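The values are calculated or read from the model by the stated rules, or taken from the named source; none is laboratory data. Worth saying up front: this structure is predicted, and the values here are computed from it rather than measured. With ideal geometry, Cβ positions are generated from the backbone for all residues, glycine too; neighbour counts draw on all protein chains shown.
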Amino acid sequence: MAKANNDPITIKFAHVVAEHTPKGQGALLFKKLAEERLPGKVKVEVYPNSSLFGDGKELEALLLNEVQLLAPAPAKLDKFTKKLQVFDLMFLFDDAAAAERFQKSEKALALLSTMEDKGLKGLAYWSNGMRQFTSNKPLREPRDARGMKFRVQPSYIWDEQYVALRAVPRKMAFAELYQGLQTGVVNASDNPWSNIFSQRHYEVQKYVTEANLTMGNYVLLTNTKFWNGLPDDVRHELDEIVVEVTDAVNKQAEQLNREDKQRIVESNTVEVITLTPEQRSHWREAVQPAWKKFEAEIGIDLIKAAQAANNP
Ligand code: LMR
């Protein structure tokens, strides 16, 4: 229905994770600040846990302006740009600090606008800490992954990296992962500590391997036409709020994930394995054939710029 002149602009923010996660808290903070600073002009509705749109449906809904804000992982944008998948190259970043240095770089920030002609406008990178393996068998060396049925995010780069590990990748929506692990459709996955805890994956797995395989980050994403069509004063205020919320999300991500890791350790339901630097180098070596396959479409210059963030 068309908006009457004095109705507030409704911004629907949909995401797939629990509220008590960096992204969940970020969405609520965005709502709080937008409604406080633009009273009567903007109303924000937050839909967590795939309650409005989940994997596979959310991007189509954004393009149709049925939702106005998402924050998907880069892997979920591979149909719109291959370059953001630099974040999905396993074991490229040594740690979260390196990934965040790259996120703040000009080369990384330039990627946010590469989908605008396709209707999607990246506003910021939100962090959720490094992704870890969960599994029903202990994972210490690459050979341990052979034959394991890994749930993967819907992107070919994740498929190919697990194929390089001689595992069996299975694309699955995030909302279906708990049941997939519980029923054995898949017997391994990867996610940040906050998702492993908040989605209770640790209850249906025997091991968590702290591998820090990639940065579990997100692209805060809007519909280009919607955002550029906002009244100038509203858009300028929302742009400032995005900067403030992004800073808050990225500052609290490390602490939230550290706390959730501790809760998982204290649950005594899984064995937590931490890879040594030497073991991480073996995994990085094992996925090189997959990296090579995507070097051309990601861009070797971008990959080298990301790697440079490991040694500032
Ligand atoms: C996943 O699908 O594993 C994650 O990207 C979900 C999320 O948004 O953290």
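Please enumerate the residues belonging to segment 270-312 that are outside any helix (DSSP H, G or I), in contact (Cβ under 8 Å) with a residue 12 or more places away in the chain and over 21 Å from Arg140 (Cβ atoms).
Initial filter on segment 270-312 (outside any helix (DSSP H, G or I)): 270-276, 287, 299, 309-312.
Retained after the next criterion (residues that are in contact (Cβ under 8 Å) with a residue 12 or more places away in the chain): 270-275, 287, 299, 309-310, 312.
Residues satisfying the conditions are Gly299, Ala309, Asn310, Pro312.
So which of Asn191, Asn187 ends up being touching a residue at least 40 places away in the same chain (Cβ under 8 Å) and within 21 Å of Gly56 (Cβ to Cβ)? Let's see the steps before the verdict.
Details: Asn187 fails: within 21 Å of Gly56 (Cβ to Cβ).
After ruling out the rest, the residue left standing is Asn191.
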>> Is it the case, given these coordinates, that Ala34 is in contact with a strand residue (DSSP E or B) (Cβ under 8 Å, 6 or more places away or on another chain) and within 30 Å of His282 (Cα to Cα)?
In response: no
> Within segment 260-295, which residues are in contact with a Phe, Trp or Tyr (Cβ under 8 Å, 6 or more places away or on another chain) and more than 20 Å from Arg166 (Cα to Cα)?
Replying inline: Asp260, Lys261, Arg263, Ile264, Ser267, Thr269, Val270, Glu271, Val272, Ile273
>> For segment 65-89, which positions are within 23 Å of Ala286 (Cβ to Cβ), within 11 Å of the ligand (Cβ to nearest atom), of a type in the set (A, V, I, L, M) and surrounded by 21 or more Cβ atoms within 10 Å (Cβ to Cβ)?
In response: Ala73
> How about segment 167-220: which of its residues are over 21 Å from Thr269 (Cβ atoms), more than 10 Å from the ligand (Cβ to nearest atom) and within 14 Å of the chain's Cα centre (by Cα)?
Replying inline: Asn212, Leu213, Thr214, Met215, Val219, Leu220
> Could you list, in sequence order, the residues of segment 1-14 that are within 16 Å of the ligand (Cβ to nearest atom) and aliphatic (A, V, I, L, M)?
Replying inline: Ala14
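Which ones in segment 189-246 are among the acidic types (Asp, Glu) and surrounded by fewer than 20 Cβ atoms within 10 Å (Cβ to Cβ)?
Quick first cut of segment 189-246, residues among the acidic types (Asp, Glu) only: 190, 203, 210, 232-233, 237, 239-240, 244.
Once the filter is applied, which keeps residues that are among the acidic types (Asp, Glu) and surrounded by fewer than 20 Cβ atoms within 10 Å (Cβ to Cβ), segment 189-246 yields Glu203, Glu210, Asp232, Asp233, Glu237, Asp239, Glu240, Glu244.
Quick one: in segment 159-178, of everything that is in a loop (DSSP other than H, G, I, E, B) and of a type in the set (A, V, I, L, M), which residue is surrounded by the fewest Cβ atoms within 10 Å (Cβ to Cβ)?
Our first condition is that a residue be in a loop (DSSP other than H, G, I, E, B); within segment 159-178, this holds for 165-167, 172-173.
Next, only the ones that are of a type in the set (A, V, I, L, M) stay: 165, 167, 172-173.
Values: Leu165: 24, Ala167: 21, Met172: 20, Ala173: 16.
Looking at the filtered set, the residue picked out is Ala173.
For segment 240-269, how many residues meet the condition of being touching a residue at least 60 places away in the same chain (Cβ under 8 Å), assigned to a helix (DSSP H, G or I) and either out of contact with any strand residue (DSSP E or B) (no Cβ under 7 Å at 6 or more places or on another chain) or more than 20 Å from Glu100 (Cα to Cα) (or both)?
At the first step, the residues of segment 240-269 found to be touching a residue at least 60 places away in the same chain (Cβ under 8 Å) are 241-246, 248-250, 252-254, 256-258, 260-261, 263-264, 267, 269.
Now drop any that are not assigned to a helix (DSSP H, G or I), which leaves 241-246, 248-250, 252-254, 256-258, 260-261, 263-264, 267.
After this cut, where a residue has to be either out of contact with any strand residue (DSSP E or B) (no Cβ under 7 Å at 6 or more places or on another chain) or more than 20 Å from Glu100 (Cα to Cα) (or both) as well, the list is 241, 243-245, 248, 252, 256, 258, 260-261, 263-264, 267.
Number of matching residues: 13.
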> Can you spot a residue in segment 96-114 that is without any contact (Cβ under 8 Å) to a residue 24 or more places away in the chain and farther than 16 Å from Leu220 by Cβ?
Replying inline: yes
> Scanning segment 15-63 for residues that are away from the ligand (no atom under 11 Å from the Cβ) and of a type in the set (Val, Ile, Thr), which turns out surrounded by the most Cβ atoms within 10 Å (Cβ to Cβ)?
Replying inline: Val44
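Can we say Leu33 is within 21 Å of the chain's Cα centre (by Cα), closer than 29 Å to Met130 by Cα, in a helix (DSSP H, G or I) and not hydroxyl-bearing (Ser, Thr, Tyr)?
Answer is no for this residue.
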> So Tyr156 clears everything in (1) surrounded by fewer than 24 Cβ atoms within 10 Å (Cβ to Cβ); (2) modelled with pLDDT of 95 or more; (3) within 20 Å of the chain's Cα centre (by Cα) except one condition, right? Which one?
Replying inline: (2)
